[in-house]
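Written below as structure tokens is the structure these notes are about.
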Amino acid sequence: KNEVEQSPQNLTAQEGEFITINCSYSVGISALHWLQQHPGGGIVSLFMLSSGKKKHGRLIATINIQEKHSSLHITASHPRDSAVYICAVITQGGSEKLVFGKGTKLTVNP
Amino acid sequence: DAGITQSPRHKVTETGTPVTLRCHQTENHRYMYWYRQDPGHGLRLIHYSYGVKDTDKGEVSDGYSVSRSKTEDFLLTLESATSSQTSVYFCAISEQPRSYSYNSPLHFGNGTRLTVT
């Protein structure tokens, strides 16, 4: 079983819809990243959080440490939001490492 | 955008040939990483560097070597390329190590698509 699971794998939405992408993990973590990968391949960091909630524009990221779960929400989705969204966790322990989920491919249609 | 340049962006090579990918940064960040991205897998760490001439293995290091002779350059070498090394390779940099990177996010290059025939 992967240490980081994302759902759904693929998501298609109509412009304007509210989007939720989920990330569950099975290990203790010190923090979690949400990343965005555009069709051209570049990867950018959207959020890094260790508790609570962060908001940037139309993007909101939440994390529940007790439930080992994080969500990325996009309000008023737009075709330019079409990308692969990747969750990654920084594991705790003596050998800390960054473990990536497989990504969620989002397509927003006009 | 963080100044990270990967070269080449695309390469096709034959099985058994040596290949070197280059990552160049202008941010003077101490930590540099090489990842590979394959369908059905998350990004996986190949090797990383925590300073000039200081490198260590990641989870999928077999068949790869790295070198860092200058802060700005991190080279990934496939000594004898195999078809299983066909992948997209990403370089990343950070100012702090991953565990302390709360205020030091990971910055990625645009990737190198390598095809081994």
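The values are calculated or read from the model by the stated rules, or taken from the named source; none is laboratory data. Everything quoted here is computed from the prediction, not taken from an experiment. Every residue, glycine as well, gets a Cβ built from its backbone with ideal geometry; the counts of neighbours run over all protein chains shown. Quick note on the areas: whole protein, heavy atoms, side chains included, nothing else; ligands and nucleic acids left out. Shrake-Rupley method; radii C 1.70, N 1.55, O 1.52, S 1.80 Å.
Remarks
- Residue among A:V27, A:V84, A:V99 with the largest mean-square fluctuation in a Gaussian network model of chain A, springs linking Cα atoms under 10 Å: A:V27
- Contact order relative to length of chain A, as percent, for alpha carbon pairs under 8 angstrom and 6 or more apart: 37 percent
- Annotation: per residue accessible area for chain A equals 47 Å², rounded to a whole number [probe 1.4 Å, protein chains only].
- For chain B, the solvent-accessible area of protein heavy atoms averages 49 Å² per residue (probe radius 1.4 Å; ligands and nucleic acids excluded).
- Of A:K102/B:K53; A:K54/A:K105; A:K102/B:K57; A:K68/A:K102, pairs whose Cα-Cα distance is over 24 Å: A:K102/B:K53
- Listed residues B:H41, B:H24, B:H107, most fluctuating in chain B (Gaussian network, C-alpha, under 10 Å): B:H41
- Length-normalised contact order of region B:7-50 in % [C-alpha pairs under 8 Å, at least 6 apart]: 29 percent
- Size of charge dipole - the protein assembly as shown - debye, nearest 20, with Cβ of Lys, Arg +1 and Asp, Glu -1, no other charges: 160 debye
- Percent accessible area from carbon and sulfur atoms, the protein assembly as shown, protein chains only, probe 1.4 Å: 47 percent
- Efficiency of FRET from Cβ geometry, B:D73 and B:T17, R₀ 22 Å, rounded to 0.05: 0.50
- Largest mean-square fluctuation among A:A83, A:A61, A:A13, in a Gaussian network model of chain A whose springs join Cα atoms under 10 Å apart, belongs to A:A13.
- Each Lys and Arg contributes +1 and each Asp and Glu -1, all at the Cβ; summed about the Cα centre of chain A, the dipole is approximately 120 debye.
- Summed over both chains, the accessible area lost when B and A associate is about 1500 Å², using a 1.4 Å probe.
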